[in-house]
Amino acid sequence: MLVPIFAEVFLAAGLTKADIGFWCSGSSDYLAGRAFSFVQAVDAIGAVPPAMESHVEMDGAWALYEAWVKILTGEAEIALAYGFGKSSGAQLRRVLALQLDPYLVAPLWPDSVSIAALQARLGLEAGRWTEKDMAEVAARSRAAAVANPQAQVAGDVAAEELLGRPYVAEPLRAHDCAPVGDGAAVVIIASERRAGDLCARPAWITGFAHRIDSGSLGARDLLAAPSAAAAATAAGAGAGRAVEVADAGGEGRAVEVADAGGEGRAVEVAELHAPFTHQEIMLRAALGLGEGVAVNPSGGALCGNPMFAAGLARIGMAAQAIMSGRAGRALGHATSGPALQQNLVCVMEGR
């Protein structure tokens, strides 16, 4: 999966492997079913020239965060982050039970879709959304995905038709759940000095942050996503000035990344990593996205959700909206863990 997509991004940026100062991957040995499986993916990089490489047991969006820190600290000028997952090799719903509390919840083997169904049911009972609201999210996503050649699921379908289909885990139907599939995503990130050489209109990162909620399902409100709201605030997702501070080597020094001229500008495009329809509704509220924001114009994870690549793809899609001139300020979001437990927000702008 990686060799052809590496070749594609190198051709687009006019680079070779030798130009990459830092590589970082996101994947999961649990999903692959064997220890250190990510090392085999390093073969796609190649043994020569020697590479500075790292790995996160997370979605590739978190690998991009590590690459961003490398750029900030001056250890690299050009970095490449990638995420990949082969979900078809296992029963994904069962494998994801391994991320649950190992003492009380994981031994019960609740699958990921059933846990999301519990969350959706709580929202229905609380009056936060209806099954029609959820179906409308799916219908809009599938219609938007028609223009996305990478989408697994696409097409024009009415919400009323979707509501007539059977449940897979009540109140979730198949359209409420992201499809299972194999895939990879790649993003190249560069310093300010080099970015202009690689792209006519770069997507400048003005804020980048991630937060985490409790891993215990009984210790948090499943109808709230405080980590998503906190990450958005830290990344400056609002219309105000964004300032992000990152450790620069552990010696008390810091690097400030300030808003690139976007003070007072609102987010125009938001790519949200919402594997379930009701989670998009939750994220819209947590991130403070108004009606004027174009949410998931690519179709989002509901139309293509390769594990450990879908979050990175959301950031890449948001960046493409800026690079193409379709948006001046965009937000990319990634999630990991059950019921929106962990959330990452990346805010980008065009200058």
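The values are calculated or read from the model by the stated rules, or taken from the named source; none is laboratory data. Not measured: the values here are computed from a predicted model. FYI the Cβ positions are ideal-geometry reconstructions off the backbone, even for glycines, and counts take in every protein chain you see. Note: accessible area is taken over every heavy atom of the protein model, side chains too, but ligands, DNA and RNA are not part of it. Shrake-Rupley method; radii C 1.70, N 1.55, O 1.52, S 1.80 Å.
Per-structure values
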{"quantity": "Accessible carbon and sulfur surface of the chain relative to its total accessible area, %, 1.4 Å", "calculated": "55 percent"}
{"quantity": "Reachable lysines from Lys132, criterion Cα separation under 18 angstrom, eight or more residues apart if same chain", "calculated": "none"}
{"quantity": "Kirkwood Rh in Å, taken over all unlike Cα pairs in the chain", "calculated": "20.5 Å"}
{"quantity": "Helix-only [θ]222 nm of the chain, DSSP H runs n ≥ 4, -39500 (n - 2.57) each, per residue, nearest 500", "calculated": "-9000 deg cm²/dmol"}
{"quantity": "Prolate/oblate/rounded label for region 87-158 (Cα gyration tensor, a/c 1.5)", "calculated": "oblate"}
{"quantity": "Paramagnetic reach from Ser191 in region 59-82 [backbone N under 20 Å; point 7 Å along Cα→Cβ]", "calculated": "64-81"}
{"quantity": "Å² per residue, accessible surface of region 1-142 at 1.4 Å", "calculated": "49 Å²"}
{"quantity": "Peptides ranked, highest mean first, by Cβ atoms within 10 Å: ranges 190-198, 141-149", "calculated": "141-149, 190-198"}
{"quantity": "Residues of type lysines that Lys70 reaches as a straight line, Cα spacing below 29 Å, ignoring anything fewer than 8 places off in the same chain", "calculated": "Lys17, Lys86"}
{"quantity": "Peptides 201-209, 270-278 ordered by average Cβ neighbours within 10 Å, highest first", "calculated": "270-278, 201-209"}
{"quantity": "Global form of region 116-241, assessed from the alpha-carbon gyration tensor, a/c cut-off 1.5", "calculated": "oblate"}
{"quantity": "Residue with peak Gaussian network fluctuation, the chain [Cα springs, cutoff 10 Å], from Leu100, Leu289, Leu15", "calculated": "Leu15"}
{"quantity": "Cβ crowding within 10 Å averaged over residues, with 173-182, 152-161, 332-341 ranked highest first", "calculated": "332-341, 173-182, 152-161"}
